[in-house]
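Below is one structure, written out as structure tokens; comments come after it.
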Amino acid sequence: MPELDLRFQEIRPYFDEEINEVLQRLTTKPSFYMLMAYLFPEMSGEEVAESFKKIFSSREFQKQYIYRAIKGVQDESTDGFSIEGFEFLDPHRPTLYLSNHRDIILDSAFLNTFLFEHGFETTQIAIGNNLMVSPLVTDLMKLNKSFVVHRDVPRNQLYHYSERLSAYIRTVIRGGESIWLAQKSGRTKDGDDRTHTGLMKMLNITGTADIKASFCELNILPMAVSYEYEPCDYLKVEELVHTQQGMAYEKDDKLSMIKGIREYKGRVHIAFSPIINENLDELDSIANRNDWIKALCDLIDNRIHRTFHLWPNNYVAADLMENGFRFQSGYTPAEKEKFLLYLENRLKNLKGPQELLRNQMIKMYAMPVFNREHALSKTPQ
């Protein structure tokens, strides 16, 4: 097996040398066959078990099962998938894809599906430990090159967990592998995609004294994923409004994963920006490290906001939020009517103050428009 710091045992994905043993273990679990029957109804349990005997690497598992499953999700729950910025990708350069985060599973899954189709190695995937909802899910995540990010750790252990995660990410990049990492802890629920300074400070814990060199080593590439219809929008809205109003709310990550996969998404677009290394010279005049980190976050956000693909829904929502018609060139009357009907259908079964729920849903779709507008008013980065 590859040599790797023993500190990483708890969080790393499975090595190729472990893949077959894990797959054989999965074939003893009835819950696994239920999942396979849902994802691959054309295959019998015996066929799945037999195929697993011949899989000895994560890439082969992704090729035979993960890729096919995600392509099935694209075919069944989207109206198409598009990409821009392909020219900024280098298959020979390990990259930290720093992404806005809208769906638990699919943001990284759609990226890796695209990379796989174009002959790139797939990325390792950072995923919160709160999503390891069962041994079966944990095994599948780690088979699919996911590593664990521990969330909500005790304050007195925060530095330990952060330092280990930082060291792991740098070790992977130095070893020639790419990583997908969300720009913040958890999904964006209000439509306002922002890079958390705490995340960037974590990345820098194990860097060099030269902060610019420290971040250049990571080859950060900002990535924006945009869903025409967010599959979990109503769950996000209900959670936000209940939290804001001090009302009891029981969050269900497993339900969000399932809904994210099954619910209709309309069109989906991923946009890549250039790796930020050349732009870091612009921060040389900033002496204070906290201010430097904040400026770095602003640079990344500017890239994500500029390239986030705006759909007619977004422009309709922006006009609804302003109670005006400033963005009406971005949609037709029929598209506006379609989105209003969509809002009504999504909100009708939610619990809580209907006006607050509606306003929060509108804001979720409107914020990318205002963020794009603000980003374009800034000096290009």
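Among (1) touching a Gly at 6+ places or on another chain (Cβ under 9 Å); (2) free of Cβ contacts under 8 Å to residues at least 60 places away in the same chain, which single condition is Lys71 missing?
Lys71 satisfies all of (1) touching a Gly at 6+ places or on another chain (Cβ under 9 Å); (2) free of Cβ contacts under 8 Å to residues at least 60 places away in the same chain except (1).
Go through (1) without any contact (Cβ under 8 Å) to a residue 12 or more places away in the chain; (2) surrounded by 13 or more Cβ atoms within 10 Å (Cβ to Cβ); (3) among the acidic types (Asp, Glu) and name the single condition Glu337 misses.
Checking Glu337 against (1) without any contact (Cβ under 8 Å) to a residue 12 or more places away in the chain; (2) surrounded by 13 or more Cβ atoms within 10 Å (Cβ to Cβ); (3) among the acidic types (Asp, Glu), the one that fails is (2).
If you take the residues of region 208-234 that are within 21 Å of Ile300 (Cβ to Cβ) and in a loop (DSSP other than H, G, I, E, B), which of them is modelled with the lowest pLDDT?
Per the stated criteria, the residue is Thr208.
Say we look at region 358-375 and pick out the residues that are under 21 Å from Glu344 (Cβ atoms) and of a type outside the set (A, V, I, L, M); which of these is nearest to the chain's Cα centre (by Cα)?
Only one residue tops the list, namely Tyr365.
Kindly provide the set of residues from region 235-258 that are outside any loop (DSSP other than H, G, I, E, B), open to solvent by 20 Å² or more (accessible area, probe 1.4 Å) and of a type in the set (Ser, Thr, Tyr), ordered by number.
Thr243
Out of Asn345, Asn279, I need the residue that is open to solvent by 20 Å² or more (accessible area, probe 1.4 Å) and either at pLDDT below 95 or within 17 Å of Tyr229 (Cα to Cα) (or both). Which one?
Just a single option satisfies the conditions, and that option is Asn345.
Between a residue in region 27-53 that is open to solvent by less than 40 Å² (accessible area, probe 1.4 Å) and any residue that is of a type in the set (Asp, Glu), which pairs come within a Cβ distance under 9 Å, given they are 6 or more apart or on different chains?
Filtered contacts from region 27-53: Phe32/Asp139; Phe40/Glu47.
Has region 356-370 got at least one residue that is within 26 Å of Gln245 (Cα to Cα), open to solvent by less than 50 Å² (accessible area, probe 1.4 Å) and either of a type in the set (Val, Ile, Thr) or modelled with pLDDT under 95 (or both)?
The answer is yes; a qualifying residue exists.
Which ranges mark the helices (runs of 4 or more DSSP H) fully within region 1-120 that have 3 or more residues being touching a Pro at 6+ places or on another chain (Cβ under 8 Å)?
By residue number, no helices (runs of 4 or more DSSP H) qualify.
Among the numbered criteria (1) open to solvent by less than 30 Å² (accessible area, probe 1.4 Å); (2) over 19 Å from Asn204 (Cα atoms); (3) polar (S, T, N, Q), which one does Asn130 miss?
All conditions pass for Asn130, except number (1).
Looking at region 299-334 only, could you name the residues that are crowded, with 18+ Cβ neighbours inside 10 Å, aromatic (Phe, Trp, Tyr) and over 24 Å from the mean Cα position of the chain (by Cα)?
Selection gives Phe327, Tyr331.
Considering only region 154-194, state which residues are touching a residue at least 24 places away in the same chain (Cβ under 8 Å), open to solvent by 10 Å² or more (accessible area, probe 1.4 Å) and assigned to a loop (DSSP other than H, G, I, E, B).
Passing the criteria: Gly175, Gly176, Glu177, Ser178, Lys184, Ser185, Gly186, Arg187, Lys189, Asp190, Asp192, Arg194.
For every residue, the table says whether it meets (1) hydroxyl-bearing (Ser, Thr, Tyr); (2) modelled with pLDDT of 95 or more; (3) surrounded by fewer than 21 Cβ atoms within 10 Å (Cβ to Cβ).
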site	(1), (2), (3)
Phe56	no, yes, yes
Glu60	no, yes, yes
Tyr67	yes, yes, yes
Phe86	no, yes, yes
Asp90	no, yes, yes
Thr95	yes, yes, no
Leu98	no, yes, no
Arg102	no, yes, no
Ser108	yes, yes, no
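The values are calculated or read from the model by the stated rules, or taken from the named source; none is laboratory data. Owing to the predicted nature of the structure, the values given are computational and were not obtained by experimental measurement. Note that each Cβ is placed from the backbone with ideal geometry, even for glycine, and that neighbours are counted across all protein chains shown. These accessible areas exclude ligands, DNA and RNA; they are computed on the full protein's heavy atoms, side chains included. Shrake-Rupley method; radii C 1.70, N 1.55, O 1.52, S 1.80 Å.
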